[in-house]
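A.B. asks: Please find one structure pasted underneath; my questions will follow.
The values are calculated or read from the model by the stated rules, or taken from the named source; none is laboratory data. Quick caveat, the model's predicted, so the values are computed rather than measured. Glycine also receives a Cβ, built like all others from the backbone with ideal geometry; neighbour counts cover every protein chain displayed.
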């Protein structure tokens with residue numbers, strides 16, 4: 001069991017961002033992003049763990065989205081490749097090995113406003129409402145691409 005806050009080192013020193021990801025696609029958010037997500041009523045869709053970021057006194061959190069939605073529309077993506085037993089992925093057969101130009105089927109998303117797509121969980125997908133709120137807040141670090 002972890003005792004006390006987790007400490008995250010910096011990969012590349014620079015200007016602190018409100019949203020960033022680690023090399024392993026772990027999302028890190030600033031306290032003001034947490035506050036915004038709370039105001040939007042999204043706290044039930046995620047877990048937030050307090051962390052200490054090297055050189056930063058302000059609060060940061062590790063973000064774990066609780067929803068994973070099987071929604072990638074393979075036919076509309078530019079390219080998809082799957083994990084296979086032949087490539088040594090016996091425990092992950094059928095998951096995506098690569099997705100280029102991702103597109104989703106909105107009919108499969110339901111009421112989820114923040115989630116990761118099944119099989120390609122390096123990406124975070126947010127609703128238009130969440131995107132607008134993040135942009136209007138001046139949040140730094142996030143990039144939005146329509147899917």
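A.B. asks: Scan segment 94-117 and give yes if some residue there is closer than 15 Å to residue 29 by Cα and exposed (fewer than 14 other Cβ atoms within 10 Å of the Cβ), otherwise no. Reasoning before the result, please.
C.D. replies: We begin by selecting, within segment 94-117, every residue closer than 15 Å to residue 29 by Cα; these are 114.
Within this subset, residues satisfying the condition of being exposed (fewer than 14 other Cβ atoms within 10 Å of the Cβ) are none.
Within segment 94-117, none of the residues are closer than 15 Å to residue 29 by Cα and exposed (fewer than 14 other Cβ atoms within 10 Å of the Cβ).
A.B. asks: Which of (1) in contact (Cβ under 8 Å) with a residue 24 or more places away in the chain; (2) under 19 Å from the mean Cα position of the chain (by Cα); (3) surrounded by fewer than 18 Cβ atoms within 10 Å (Cβ to Cβ) is the odd one out, the single condition residue 54 does not satisfy?
C.D. replies: Failing condition for residue 54: (2).
A.B. asks: When you go through (1) within 21 Å of the chain's Cα centre (by Cα); (2) without any contact (Cβ under 8 Å) to a residue 60 or more places away in the chain; (3) more than 19 Å from residue 130 (Cα to Cα) one by one for residue 25, which number turns out not to apply?
C.D. replies: (2)
A.B. asks: Do the conditions hold for residue 48, that is, is it surrounded by 14 or more Cβ atoms within 10 Å (Cβ to Cβ) and either farther than 19 Å from residue 127 by Cα or free of Cβ contacts under 8 Å to residues at least 60 places away in the same chain (or both)?
C.D. replies: yes
A.B. asks: What are the pairs, 6+ residues apart or on separate chains, where a residue within segment 136-147 that is under 14 Å from residue 16 (Cβ atoms) has its Cβ under 6 Å from a residue that is part of a loop (DSSP other than H, G, I, E, B)?
C.D. replies: Correct list of pairs: 139/18; 140/17; 140/18; 141/17; 141/18.
A.B. asks: Right, here's the next one. Quick one: in segment 12-24, which of the residues that are in contact with a strand residue (DSSP E or B) (Cβ under 9 Å, 6 or more places away or on another chain) and either over 19 Å from residue 144 (Cα atoms) or assigned to a loop (DSSP other than H, G, I, E, B) (or both) is modelled with the highest pLDDT?
C.D. replies: 18
A.B. asks: Examine segment 58-65 for a residue that is surrounded by fewer than 17 Cβ atoms within 10 Å (Cβ to Cβ), closer than 25 Å to residue 105 by Cβ and either without any contact (Cβ under 8 Å) to a residue 12 or more places away in the chain or within 11 Å of the chain's Cα centre (by Cα) (or both), and state whether such a residue exists.
C.D. replies: yes
A.B. asks: Also: So residue 147 ticks every box in (1) assigned to a loop (DSSP other than H, G, I, E, B); (2) exposed (fewer than 15 other Cβ atoms within 10 Å of the Cβ); (3) touching a strand residue (DSSP E or B) at 6+ places or on another chain (Cβ under 8 Å) but one. Which box is left unticked?
C.D. replies: (2)
A.B. asks: Also: Name the residues in segment 92-137 that are in contact with a helix residue (DSSP H, G or I) (Cβ under 9 Å, 6 or more places away or on another chain) and within 21 Å of residue 33 (Cα to Cα), would you?
C.D. replies: Listed by number, the residues that qualify are 112, 113, 114, 115, 126, 130, 133, 134, 137.
A.B. asks: How about segment 28-40: which of its residues are more than 14 Å from the chain's Cα centre (by Cα), surrounded by 13 or more Cβ atoms within 10 Å (Cβ to Cβ) and farther than 19 Å from residue 57 by Cα?
C.D. replies: If the condition is that a residue be more than 14 Å from the chain's Cα centre (by Cα), surrounded by 13 or more Cβ atoms within 10 Å (Cβ to Cβ) and farther than 19 Å from residue 57 by Cα, then 36, 40 are the ones that fit.
A.B. asks: I need the strands (runs of 3 or more DSSP E) fully contained in segment 48-114, keeping only those with at least 2 residues that are under 30 Å from residue 9 (Cβ atoms) and modelled with pLDDT under 95.
C.D. replies: So the answer is 96-100.
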